[in-house]
């Protein structure tokens, strides 16, 4: 008997996409495709590829489970002290491709730095036998062709993830210090018998930070030459978070200086460098139009839109299921999927690894771990400077709906504040959006449907919208808003909203109901850790505006319904607020919360007209 791929996916705790991939690869016995769908024999065995997934272990000599490697970027520490999800086959693919230079762009906290440290640990020639960190990993199970590369190369490794200075003079010192640190890691060159005295003096001048800027820009090229001479071997160059200094330059007005410096630094290391075995750069954005890689025609660029290497940054479904099994929390997979799944790299569904690991570390209590893990200044600036079209689109996304945009992965920072499509391309690259479908392509530039990936990012969106208003949102207003919502104080709620509107909204902004809807969604992000906030969802006999479901079912739930019109007087506004409250009653919006076990529900009917608000409140108690 044949059953659907969906039924098999549920039985094996995999995604339907993963089942389809296994079928295409011939990994599932007896699978046949009928029309658009795969059908599978009911008694088919679980493929060895799935059944024999690598699992965690306990600490040697103990019965204690290994901790999650939250915030750990050292590969050695991750594999010896923590639960490690094996991504070492990345090395195999890099060697198989045999390209000179790679650029991988992924959102922050998706494992780029740990991956680069893993590459460094595998290839670098050191006094330590580093093969011990790979002998039980997937790369070691490949043939000897790959093992022979282990520990054979000098490696240059720079990370710019901490380069966050606000002035060019300070950023230049940050860059010089990062270069100095890497030279210091190769102090053996000072005692080298094959380097000239002039080369050693140059090396010392880098260590003493006594070198002109033009020579500093050539430092990686010079270091690769000296390492190649000393070790009689070509050099591997790894540059992590290469675009962080460029983002800072854009934000703080020294963009031209930093791009000029970085262009020369990268060119010396990666362009026509006869001492280069291969180089890898990672970052959030691909900045090809900056001419940072001018002339580097063999640069292999891999973004979130590309299929190859898609599984290496972030967790796949089966990896998350294995982690949950290891910690005895198999029943949490559904919640993890809602909160942290939904990213699409190429055609591969991906979970946010930072958030998944934090979830297990946090006793499996879901929250927006990804929020505020690094500076969101560019996002805040986008929203603050955005026009009405951008705001409407953000509000559409927060409601769980899709927008369409032309996606260009070649982004220039100065253009991000320009066309909406460029803004959406940026939001996609940094992890705030996902592609749900490609509508068509214009000259290799796709028109995509975009959506917020999961609950976590929806909460992040709400906080960013709130951040846009934050300069106008005083401590008193924040306090009063929270008190009014929780206590049902109609007058306080009404006065708080009116005060906020008076100081923040233009007459143009207050023209439509969706402005007020989006504003309230942003304000409610204050409660996103304690409440699941949903918008425009079906309940009872209609669609509510906003629902707040408490994570602790002992707390009250909330329903908010809005009405808006122009030029209403006070009496008409009260009537509209009562009309909104009546809609909650007549459409039975509270049924959804009642079904979920919420005993107390506070309902708000809110009317807006220009910069004024009217509020009516009613409690529903089981």
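Round to a whole angstrom and tell me the spacing of the C-alpha centers of the stretch 519-541 and the stretch 213-250.
48
Distance between Cα centroids, the stretch 154-206 to the stretch 589-622: provide it in whole Å.
Cα centroid to Cα centroid, the span is 61 Å.
Helix 219-231 versus the longest principal axis of the chain: what angle, 0 to 90°, nearest 10, using Cα atoms?
Roughly 40 degrees, rounded to the nearest 10.
What does the helix-only formula give at 222 nm for the chain: each DSSP H stretch with n ≥ 4 adding -39500 (n - 2.57), the total divided by the residues, and the result rounded to the nearest 500 deg cm²/dmol?
On the way: 25 runs with 257 residues, N = 622.
Rounded to the nearest 500, it is -12000 deg cm²/dmol.
Order by neighbour count: 492, 299, fewest other Cβ atoms within 10 Å first, most last. Before the final figure, lay out the partial values.
On the way: 492 16, 299 20.
Result, fewest neighbours first: 492, 299.
Tell me, 335, 349 in order of fewest to most beta-carbon neighbours within 10 Å? Intermediate values should be presented prior to the final figure.
Working: 335 16, 349 23.
Exposure proxy ranking, most exposed first: 335, 349.
Going by C-beta contacts inside 10 Å, put 177, 225, 516, 604 in order with the fewest on the left.
Numbers: 177 13, 225 18, 516 22, 604 25.
By the 10 Å Cβ count, ascending, the order reads 177, 225, 516, 604.
Order of 558-570, 99-111 by packing, highest average Cβ count within 10 Å first?
Numbers: 558-570: 18.1, 99-111: 21.7.
The most tightly packed comes first, giving 99-111, 558-570.
How do the peptides 608-618, 181-191 rank, highest first, by the average count of neighbouring beta carbon atoms within 10 Å per residue?
Values: 608-618: 21.5, 181-191: 14.1.
Result, highest mean Cβ count within 10 Å first: 608-618, 181-191.
Using alpha-carbon pairs under 8 Å, 6+ residues apart, how would you state the relative contact order of the chain in percent?
Working: 1044 pairs, mean separation 63.2, N = 622.
Answer for the chain is 10 percent.
Would you work out the relative contact order for the stretch 135-257, in percent, from Cα pairs under 8 angstrom that are 6 or more residues apart? Display every interim value, and only then the final one.
Values: 122 pairs, mean separation 49.3, N = 123.
Once normalised by length, the contact order is 40 percent.
Relative contact order of the stretch 473-621, please, whole-number percent, based on alpha carbon pairs below 8 angstrom and at least 6 residues apart.
Numbers: 266 pairs, mean separation 37.6, N = 149.
Reported relative contact order: 25 percent.
With both bridge residues required to lie in the chain, what share of the DSSP beta bridges run antiparallel, to the nearest 5%? Walk me through the intermediate numbers first.
On the way: 42 of 71 bridges.
Of those bridges, close to 60 percent are antiparallel.
Hey, what angle do you get for helix 197-207 against the long axis of the chain, alpha-carbon based, 0 to 90 degrees rounded to 10?
Roughly 20 degrees, rounded to the nearest 10.
Output the 0 to 90 degree angle, nearest 10, between the alpha-carbon long axis of helix 490-504 and the longest principal axis computed from the alpha carbons of the chain.
50
Computed from the coordinates by the stated procedures, all read-outs in this text should not be read as laboratory data. Bear in mind that the values here come from a model prediction, so they are computed numbers and not experimental data. With ideal geometry, Cβ positions are generated from the backbone for all residues, glycine too; neighbour counts draw on all protein chains shown.
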